[in-house]
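Only the coordinates and a few stated rules stand behind these numbers; no lab work does. Small disclaimer: the values here were computed from a predicted structure and weren't measured. No Cβ is skipped: glycine too gets one built from the backbone with ideal geometry, and neighbour counts run over all protein chains shown.
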């Protein structure tokens, strides 16, 4: 009887211990990132906040200690990720940012798996009215001084291109192509704050003046000046890119050639950190955000819903509208941590 009582006592004590431990074990499985700091970064493009905040919300729901976003341009941002000074960036464009990626350590130091948003396009556009009137379809036509002068905003005889911020991947492509296509003498690449430059471009368009600009999709600009209706994409005479992509063919499946490859946006992160946090690595690999959803949110920002509280509300609304998908991401991330 004494042995049986002792056995019952041992079993009873073990049961109590397991019961006490269970809540902690459950919490650990539910919150695999508890106590782990995350430093998100993004470029100065305000419209990248939405997709960055969505990743941050998912990480927060996994228990990670997510810090406020720090702004840094792409080239320096990739270096910061490779060095471990930042954790992730939600807007790595592949292959546009390939040189940044490789120069910051490549796969040895950086992690990029899966596609967050696919099918991003970019290139040069002009207003359709001028294109139709003068038969302009290809940027090579700007070699003609008479064509270039149509887009001259300051009287210097050169076409004024509303261009790309210094430090962005598109800057390298535009600067390379001005030389490759023999257009350096006929086109002035206006740089600075893209938001300010494109706002001026839209004003000129509304005044009925010819416009010439660079942009990308998904982005709200193509919702204000719609390709095919208000503006047209310009073709380029041949494929020509700088750096490691110098031999790449930029033709799209439909035969169009806008001078840039179609890109996928990916979440890129510090590899040492993702190796140590498999839940986050899994999350980064499986999150997907339709480009149309990004464009719609960006347009809402354009229409005045651009305060931090507005953008957070957009994120919350997106999650509620895709709750099953979102919960599936978290479940897969938690499973990866077990």
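Side notes on the structure shown:
- Normalised by 2.2 N^0.38 Å, with N the number of residues, the alpha-carbon radius of gyration of segment 145-207 equals 1.13.
- Mean shadow area of the chain, taken as a quarter of the surface of its Cα convex hull (nm²): 21.0 nm²
- 0 to 90° range, to nearest 10: angle between helix 323-336 axis and the chain longest Cα axis: 60 degrees
- Compactness of segment 59-108, taken as the C-alpha radius of gyration over 2.2 N^0.38 Å, stands at 1.22.
- Relative contact order computed over segment 120-245 (Cα-Cα under 8 Å; 6+ residues apart), in percent: 42 percent
- The chain, relative contact order in percent, only Cα pairs under 8 angstrom and at least six apart counted: 25 percent
- Two-site FRET efficiency, residue 149 against residue 302, from Cβ-Cβ distance with R₀ of 25 Å, rounded to 0.05: 0.20
- The alpha carbons of segment 178-261 stretch over 39, 30, 20 Å along the principal axes, in descending order.
- Average projected area [Cα convex hull, segment 203-250], square nanometres: 4.7 nm²
- Of every Cα-Cα pair in segment 252-301, the percent that sits beyond 13 Å: 71 percent
- Pairs of Cα atoms farther than 20 Å apart, segment 120-245, %: 38 percent
- Per-residue Cβ neighbour rank within 10 angstrom, fewest leading, 305, 47: 305, 47
- Highest-fluctuation residue, 134, 194, 111 considered, GNM on the chain with Cα pairs under 10 Å: 134
- Pairwise FRET efficiency - residue 292 versus residue 29, Cβ, R0 = 35 Å, nearest 0.05: 0.50
- Whole-Å distance, taken between Cα centres, linking segment 308-338 and segment 247-269: 29 Å
- For the chain, DSSP calls about 60 percent of its internal beta bridges antiparallel.
- Using alpha-carbon coordinates, inclination of helix 49-61 to the longest axis of the chain, degrees: 10 degrees
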